[in-house]
1. Can you confirm whether the stretch 6-16 contains a residue that is surrounded by fewer than 18 Cβ atoms within 10 Å (Cβ to Cβ), assigned to a helix (DSSP H, G or I) and at negative phi?
2. I'd like the residue in the stretch 45-54 that is within 9 Å of the chain's Cα centre (by Cα) and of a type in the set (A, V, I, L, M, F, W, C) and, out of all such residues, is most open to solvent (accessible area, probe 1.4 Å).
3. Applying the selection to the stretch 34-44, what residues are buried (at least 20 other Cβ atoms within 10 Å of the Cβ), over 14 Å from SER4 (Cα atoms) and not hydroxyl-bearing (Ser, Thr, Tyr)?
Amino acid sequence: MTASVTLDCRGMRCPQPVVELARTAAGLGNCEVLLLADDPATEVDVPAWCRLRGATLLESGRDERQRWFRVAVSGEAQRGA
């Protein structure tokens, strides 16, 4: 990976966290993104976005306040994001 960034989407509701993930990934080239969110829909939306865009969900988790997703994105995955 050539870049990494933390994307804080806490307080945003569906579909905004995935929209922000796509925008961020498109602007960085090959990258690893750590997405922080508190919207329960991200547990479905982020893995679905990864499958559709060819990105790799490296890991995810949650606690009582937030969910987090570590996503590896390649230039190939960004086309059409």
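The values are calculated or read from the model by the stated rules, or taken from the named source; none is laboratory data. These figures come from a predicted structure and were not determined experimentally. So basically every Cβ, Gly included, is an ideal-geometry build from the backbone, and we count neighbours across all protein chains shown. To get the accessible areas, we keep the full protein, side chains included, count just its heavy atoms, and leave off ligands, DNA and RNA. Shrake-Rupley method; radii C 1.70, N 1.55, O 1.52, S 1.80 Å.
1. yes
2. Looking at residues that are within 9 Å of the chain's Cα centre (by Cα) and of a type in the set (A, V, I, L, M, F, W, C), I get TRP49.
3. Narrowing the stretch 34-44 to residues buried (at least 20 other Cβ atoms within 10 Å of the Cβ): 35, 37, 42.
If we keep only those that are over 14 Å from SER4 (Cα atoms) too, we end up with 37, 42.
Residue satisfying the conditions is ALA37 alone.
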